[in-house]
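The values are calculated or read from the model by the stated rules, or taken from the named source; none is laboratory data. Everything quoted here is computed from the prediction, not taken from an experiment. Don't worry about glycine lacking a Cβ; one is built from the backbone with ideal geometry, like all the others, and counts go over all protein chains shown. Accessible surface is based on the protein model in full, side chains and every heavy atom, while ligands, DNA and RNA are left aside. Shrake-Rupley method; radii C 1.70, N 1.55, O 1.52, S 1.80 Å.
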Amino acid sequence: REAASSQGEKMDDESAQQNQIQVLENTYIMKPQEHEKFRANEVIKAVKALLDERLKGKRYDSNESAQLSKELCTEIKEKVKEIGAPRHKLVVQVTIGEVQGQGVRIASRCLWDVETDNHASAYYTNPYLYCVAMVFACYYE
């Protein structure tokens, strides 16, 4: 009985720790420090390298391009986190399309603080497909 009750107490303690709500105070840090800023040039190089690696020699397939876009978004977001952009909310958008001699223009509009927020974009093209990747980093106060 003692062993059973001590196990029950351990489980109660663990569940109590998991159910605790941690309250954090505001830091009131309104701008990133120099080493915390989103480095667009480094992100562009990393995204271009990733797109070249993943899309080299691929043909456009409408059935798999949606899944490929999601995978690329996830990989790009992880790569940007490795580069480092603490306290930034990241939004990654990848567009993949078939090359048929057409022109493509992709535009976006954002409302943000030009001192703290930034973006980077890179593209890849081969005779069969094009891919445009955009990364938006918004500083989170």
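Contour minus end-to-end for Ser62 and Thr95, with contour as 0.36 nm per residue of separation and end-to-end as the Cα-Cα distance? It would help to have the intermediate numbers written out before the result.
Details: separation 33, 0.36 × 33 = 11.88 nm, distance 1.19 nm.
Here the segment from Ser62 to Thr95 would lengthen by 10.7 nm.
Please identify every one of the trypsin sites (Lys or Arg not before Pro) in the range 68-141 that sits in a loop by DSSP and has no more than 14 other beta carbons within 10 Å of its own beta carbon.
Values: sites: Lys70, Lys77, Lys79, Lys81, Arg87, Lys89, Arg105, Arg109; in loops: Arg87, Arg105, Arg109.
Counting only loop positions with at most 14 other Cβ atoms within 10 Å, the trypsin sites (Lys or Arg not before Pro) in the range 68-141 are Arg105, Arg109.
With runs of 4+ DSSP H residues as the only contributors, calculate the mean residue ellipticity of the chain at 222 nm using -39,500 (n - 2.57) per run, divided by the residue total and rounded to the nearest 500. Provide the component values of the computation, followed by the final result.
Values: 3 runs with 56 residues, N = 141.
Rounded to the nearest 500, the figure is -13500 deg cm²/dmol.
Quote the FRET efficiency, to the nearest 0.05, computed for Ala40 versus Arg87 with a Förster distance R0 of 22 Å and r equal to the Cβ-Cβ distance.
Values: r = 16 Å, r/R0 = 0.74.
Efficiency computed from Cβ-Cβ geometry: 0.85.
Read through the labelled values (i) 2, 9, 15, 18, 16, 15, 13, 8, 3, 1, 0; (ii) 2, 8, 16, 14, 13, 10, 8, 7, 6, 6, 5, 3, 2, 1, 0, 0; (iii) 2, 11, 20, 25, 21, 13, 6, 2, 1, 0 and report the label of the one computed as P(r) over Cα pairs in 5 Å bins from 0, in percent from the structure.
(ii)
Kindly report the accessible area of the chain per residue (heavy atoms of protein chains, probe 1.4 Å, no ligands, DNA or RNA), in Å². It would help to have the intermediate numbers written out before the result.
Values: 10600 Å² over 141 residues.
Accessible area per residue: 75 Å².
In debye, nearest 20: dipole of the range 70-141 around its Cα centre with unit charges on the Cβ of K, R (+) and D, E (-)? If you can, show how the numbers build up before the last one.
Values: 8 positive and 9 negative charges, 24 e Å.
Here the range 70-141 has a charge dipole of around 120 debye.
Applying 1/(1 + (r/R0)^6) with R0 = 25 Å to the Cβ-Cβ distance of Thr27 and Thr74, what FRET efficiency is obtained, to the nearest 0.05? If you can, show how the numbers build up before the last one.
Details: r = 29 Å, r/R0 = 1.14.
That gives a FRET efficiency of 0.30.
Say the cut-off is 19 Å between C-alpha atoms; which of Lys37/Lys70; Lys48/Lys89; Lys48/Lys81 go over it? Walk me through the intermediate numbers first.
Working: Lys37/Lys70 26 Å; Lys48/Lys89 21 Å; Lys48/Lys81 16 Å.
In this structure, Lys37/Lys70; Lys48/Lys89 exceed 19 Å between Cα atoms.
Quantify, in whole percent, the carbon and sulfur part of the accessible surface of the chain (1.4 Å probe; protein heavy atoms only). Kindly include the intermediate steps, with their values, before the conclusion.
Working: 5010 of 10600 Å².
It is 47 percent, rounded to a whole number.
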